[in-house]
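Chemist: Sharing a structure with you now.
The values are calculated or read from the model by the stated rules, or taken from the named source; none is laboratory data. Since we're looking at a predicted model, the values are computed, not measured. Cβ sites come from the backbone with ideal geometry, for glycine too, and all protein chains shown count toward neighbours.
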Amino acid sequence: MRAVVLHTANTVLGSSMSERDRHQRDAAADARAGRRAAARASYRAGARAMLPLAPAVVLFAASFGVLARSAGFDPAATVAMSATTFAGSAQFAAVSVLAAGGTAIAAVLAAVLLNARYAPMGLAAARAFKGGRLRRLLESQLLVDESWAFAQENGRFDRRRLIGAGLVLYVGWVGGTALGVAAGGSLGDPATLGLDAAFPALFLALMVPLIRTRNALAAALGGAGLALLLTPISPAGVPVIAATFAALAGLAPRRPLHRREVA
Amino acid sequence: MTTAWIAVLVIGAATIAIKAAGPVLAGDRELPVRAGRVVELVGPALLAALVASQAFASEEQLVLDERGAGLLAAAVALLLRAPILVVILAAALTAALLRAVS
């Protein structure tokens with residue numbers, strides 16, 4: 001009798017457990033599917049956000065290709081530079097220095113100075129990356145101004161948005177370079193189409209939502225002010241790096257900003 | 001090896017190292033609160049600097065040209081709460097039109 005009761009209890013308990021297990025398993029599967037869907041949505045959001053810029057990126061990359069060829073780069077070196085450096089301003093600067101008869105050392109210095117801004121940018125985004133060192137090293141190569149700017153949300157970085165955006169830009173940049181090498185100067189000047197004005201507009205549009213405290217406003221005004229002030233008196237690249245110091249506004253007591261005050 | 005290839009390889013290696021430095025070395029380390037607040041503002045500070053230098057700088061000179069007009073058009077579009085695509089197009093079209101007539 002006792003055994004029967006126990007057996008029944010076990011069965012009841014067992015069945016209710018397996019019922020709960022099933023529920024838990026389903027819930028866990030739903031949650032996993034939900035997370036996967038959210039992850040895909042983040043990658044896609046990053047990629048989609050860069051599509052309006054794609055024509056500009058491709059044409060600038062093509063004009064880099066043309067410029068590098070005319071500076072004596074062979075086709076492989078031209079495309080290799082876009083694939084490894086993947087940073088427009090530094091590539092243009094390095095090629096211009098060599099085209100003007102400068103030494104390799106001068107070209108390297110110009111490029112490194114222009115790319116030094118990626119050090120503070122990478123530091124700001126560092127905690128969004130995950131996994132081992134090799135994975136971080138590879139994923140961090142997709143960090144460029146535009147992907148970095150778009151990956152920020154509420155003061156945090158979304159690694160998936162950075163990767164989605166970075167991949168679109170990478171394909172456009174390397175592909176556009178190859179196009180420029182193949183087509184020569186027949187593709188037209190991006191400036192005629194006003195495409196050089198697209199980039200500051202994008203950065204402005206991505207900056208505005210980040211200005212939610214007086215501290216952030218001070219950092220932005222200070223950053224722009226430092227960049228403008230230093231442009232005539234320092235080598236290219238220095239103004240933007242120096243602007244990092246405006247972030248010290250974060251040390252002041254945090255004060256909210258009413259939306260009305262900016263609008 | 002040609003000068004071009006030397007430049008390509010050295011600049012490529014340096015850029016890869018600069019981009020990876022933060023994500024690889026700083027990693028998951030928790031930042032002190034005050035440092036975190038400063039790092040958080042690197043975004044607004046550098047974005048504003050990029051806006052300023054890409055709109056108003058030309059070879060170490062400050063200039064007011066079609067890019068500045070494009071930026072003004074973008075700011076107006078932002079105030080009207082236009083989507084980002086419209087903001088970018090407003091800037092590019094303004095600069096292109098001004099260059100076409102000048």
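Chemist: Would you please list the contacts, defined by Cβ atoms under 9 Å and residues six or more apart or on different chains, that run from a residue in the stretch A:191-209 that is farther than 25 Å from A:Ala62 by Cα to a residue that is of a type in the set (D, E, K, R) and part of a helix (DSSP H, G or I)?
Modeler: These pairs meet every condition: A:Leu206/A:Glu146.
Chemist: In contact (Cβ under 8 Å) with a residue 40 or more places away in the chain, touching a Leu at 6+ places or on another chain (Cβ under 7 Å) and part of a helix (DSSP H, G or I) - does that describe any residue in the stretch A:121-132?
Modeler: Within the stretch A:121-132, not a single residue is in contact (Cβ under 8 Å) with a residue 40 or more places away in the chain, touching a Leu at 6+ places or on another chain (Cβ under 7 Å) and part of a helix (DSSP H, G or I).
Chemist: With respect to B:Val51, determine if the residue is within 7 Å of chain A (Cβ to nearest Cβ) and under 27 Å from A:Ala80 (Cβ atoms).
Modeler: Taking the combined requirement at face value, the residue does not satisfy it.
Chemist: Of everything in the stretch A:97-137, what is β-branched (Val, Ile, Thr) and at pLDDT 90 or above? Give them in sequence order.
Modeler: Listed by number, the residues that qualify are A:Ile105, A:Val108, A:Val112.
Chemist: Mind listing whichever residues of the stretch A:80-120 are among the charged types (D, E, K, R) and part of a helix (DSSP H, G or I)?
Modeler: Matches in the stretch A:80-120: none.
Chemist: Another question, then. Name the single residue, out of those in the stretch A:68-94 being more than 24 Å from A:Leu167 (Cα to Cα) and surrounded by 18 or more Cβ atoms within 10 Å (Cβ to Cβ), that is modelled with the lowest pLDDT.
Modeler: Ranking the qualifying residues of the stretch A:68-94, first place goes to A:Ala71.
Listed here are the residues, each with its yes/no results for (1) without any contact (Cβ under 8 Å) to a residue 12 or more places away in the chain; (2) assigned to a helix (DSSP H, G or I).
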site	(1), (2)
B:Val38	yes, yes
B:Leu47	yes, yes
B:Ala55	no, yes
B:Arg67	no, yes
B:Leu72	no, yes
B:Ala75	yes, yes
B:Arg81	yes, no
B:Ala91	no, yes
B:Leu98	no, yes
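Chemist: Residues that are within 20 Å of B:Ser58 (Cβ to Cβ) and under 22 Å from the mean Cα position of the chain (by Cα): does the stretch A:168-183 have at least one?
Modeler: no
Chemist: Could you list, in sequence order, all residues of the stretch A:177-213 that are modelled with pLDDT of 95 or more and not hydrophobic (A, V, I, L, M, F, W, C)?
Modeler: Scanning the stretch A:177-213 gives a single hit, A:Thr177.
Chemist: Hey, another quick one. Between a residue in the stretch B:12-23 that is within 7 Å of chain A (Cβ to nearest Cβ) and under 12 Å from A:Arg136 (Cβ atoms) and any residue that is at pLDDT below 95 and surrounded by fewer than 21 Cβ atoms within 10 Å (Cβ to Cβ), which pairs come within a Cβ distance under 6 Å, given they are 6 or more apart or on different chains?
Modeler: B:Ala21/A:Ala119; B:Gly22/A:Leu123
Residue by residue, here is whether (1) over 26 Å from B:Leu93 (Cα atoms); (2) free of Cβ contacts under 8 Å to residues at least 40 places away in the same chain holds:
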site	(1), (2)
A:Leu51	no, no
A:Ala54	no, no
A:Leu59	no, no
A:Ala62	no, no
A:Arg69	yes, no
A:Ala76	yes, yes
A:Ala80	yes, yes
A:Ala87	no, no
A:Ala93	yes, no
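Chemist: Would you check if there is a residue in the stretch A:131-150 being surrounded by fewer than 20 Cβ atoms within 10 Å (Cβ to Cβ), of a type in the set (Val, Ile, Thr) and in the same structural domain as A:Leu53 (by TED's automatic domain parsing)?
Modeler: The answer is no; no qualifying residue exists.
Chemist: Here's another thing I want to ask about it. I need the helices (runs of 4 or more DSSP H) fully contained in the stretch A:183-263, keeping only those with at least 2 residues that are more than 7 Å from chain B (Cβ to nearest Cβ), surrounded by fewer than 17 Cβ atoms within 10 Å (Cβ to Cβ) and touching a helix residue (DSSP H, G or I) at 6+ places or on another chain (Cβ under 9 Å).
Modeler: A:214-230, A:259-262
Chemist: Tell me which of these B:Val63 doesn't satisfy, since it passes every other one: (1) more than 7 Å from every other protein chain (Cβ to nearest Cβ); (2) farther than 21 Å from A:Pro235 by Cβ.
Modeler: Status for B:Val63: all satisfied but (2).
Chemist: Please specify each residue of the stretch A:129-172 satisfying the condition of being under 16 Å from A:Phe60 (Cβ atoms), more than 13 Å from chain B (Cβ to nearest Cβ) and hydrophobic (A, V, I, L, M, F, W, C).
Modeler: A:Val168, A:Leu169, A:Val171
Chemist: Then there is this: Which of (1) closer than 21 Å to A:Ser96 by Cα; (2) of a type outside the set (Lys, Arg); (3) in the same structural domain as B:Ala69 (by TED's automatic domain parsing) is the odd one out, the single condition B:Thr15 does not satisfy?
Modeler: (3)
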